[in-house]
Amino acid sequence: MITAYLTHRDYYLHHMGPGHPECPARLEAIQARLALAGVLQQTMQFDAKPATDAQLVSVHSFDYLKRLEQRQPTHDWAELDSDTILNPHSLSVGRMAAGAVIAGIDKVYRQQADNVFCVVRPPGHHAEVANAMGFCFYNNIAVGAAYAKTRYRAKRIAIVDFDVHQCNGTIDIFKNDPNVLICTSYQHPFYPWRYLEGTFDNVINTPLPAGADSDVFRRAVEQQWLPALHDFQPDLVLISAGFDAHRNDPMAELCLETIDYHWITQQIIEVAALYADNRLVSTLEGGYDLATLGFCAEAHLKALLGQPFST
């Protein structure tokens, strides 16, 4: 497998104040672990480029984008909600995060890589059509999916989201879109408290109770996600990769192990190989225990590279 690795130094400019869990140290932890494990050097490394206004407005309302710009501070911070805070660099960095997924789409469609891992921040899967929340301003994976539709005429896009939180923003944007299948696992009942009970034909909600472990997660994937994915036969596969369902993560109470992220990535790679000519783009979402985050990213990247992983 040829794997591209997209990131950018500007991601370190966005921060939401002292003690905030979504911090620049998250990327430092990932980079350090991947370099130490020797896998970063096995990827094709590229810098991201910013998403354009047209690319952002393909999934977000024009009024919402304008409101964000009006709230952007010239110094210090501006609070959108208690969790989601702008600093003077946040929106330009957010554009760069969405732009990484767009660049990843280009890589796989131009056959410059089989798959791509976008190590970005801020995350995106909670950002709705007209609402920022959950550390997210722009919905990175949704911007990439919309771009694939218009630029490459992708007809069936699967978005697989494994995170301790449901991808409410991605659902808000693509609910009832028959050309997008969303599979999302999350602790229930839990933040974001939206769309948890929604019934949309193109959304596979996989709620997991507090304390759910590897067996519960894997059984749910095998019984719910894999049949839906094989039936859908996507021509592009996107991953919102959240690592905060790990048992060490302080955000919640799911009990996944590091090896589970290698396993789930392998399952998704097999779907992409069968139906999408290997086209797969993954982007970072959650994960807040820094040491654990690095190991989970290693497990994910090794699967993308077609390598085994052992703890």
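Nothing in this text is a laboratory measurement; each read-out follows from the coordinates by a stated rule. Bear in mind the structure is a predicted one, so any value in this text is a computation, not a measurement. Quick reminder, even Gly has a Cβ in these numbers, built from the backbone with ideal geometry, and neighbours come from all protein chains shown.
Below is a table of values for the structure above.
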{"quantity": "Of 206, 150, 292, the one that fluctuates the most in a GNM where the chain has Cα springs shorter than 10 Å", "calculated": "150"}
{"quantity": "Pairwise centroid distance, computed over Cα atoms, of the range 1-37 with the range 139-172, Å", "calculated": "22"}
{"quantity": "Ellipticity estimate at 222 nm from DSSP helix runs (n ≥ 4, -39,500 (n - 2.57)) divided over the chain, nearest 500", "calculated": "-11500 deg cm²/dmol"}
{"quantity": "Straight-distance crosslink candidates among lysines, where the alpha carbon sits under 21 Å from residue 302 and sequence neighbours closer than 8 are dropped", "calculated": "107"}
{"quantity": "Karplus (6.51, -1.76, 1.60) ³J(HN,Hα), θ = phi - 60°, over the range 232-245, in Hz, Gly and Pro reported as x", "calculated": "6, 6, x, 9, 8, 10, 10, 10, 9, 9, x, 10, 8, 8"}
{"quantity": "Contour minus Cα-Cα distance for residue 231 and residue 77 (0.36 nm per residue)", "calculated": "50.8 nm"}
{"quantity": "Sequence-distant lysines (8 or more away, or on other chains) whose Cα lies within less than 20 Å of residue 175", "calculated": "149, 155"}
{"quantity": "Exposure proxy order (Cβ contacts within 10 Å, fewest to most) of 20, 126", "calculated": "20, 126"}
{"quantity": "Alpha carbon centroid spacing (whole Å) that separates the range 64-97 from the range 246-265", "calculated": "30"}
{"quantity": "Length-normalised contact order of the range 166-311 in % [C-alpha pairs under 8 Å, at least 6 apart]", "calculated": "22"}
{"quantity": "Most mobile listed residue (272, 35, 154) in the chain, GNM with C-alpha springs under 10 Å", "calculated": "35"}
{"quantity": "Whole-Hz couplings from phi, Karplus 6.51/-1.76/1.60, listed for the range 118-123; x for Gly and Pro", "calculated": "9, 9, 10, 7, x, x"}
{"quantity": "Phi-based couplings in Hz for the range 251-260 (Karplus 6.51, -1.76, 1.60; Gly and Pro marked x)", "calculated": "6, 7, 10, 7, 10, 6, 9, 4, 5, 4"}
{"quantity": "Among 39, 164, 108, residue whose mean-square fluctuation peaks in a GNM of the chain (springs only between Cα atoms under 10 Å)", "calculated": "39"}
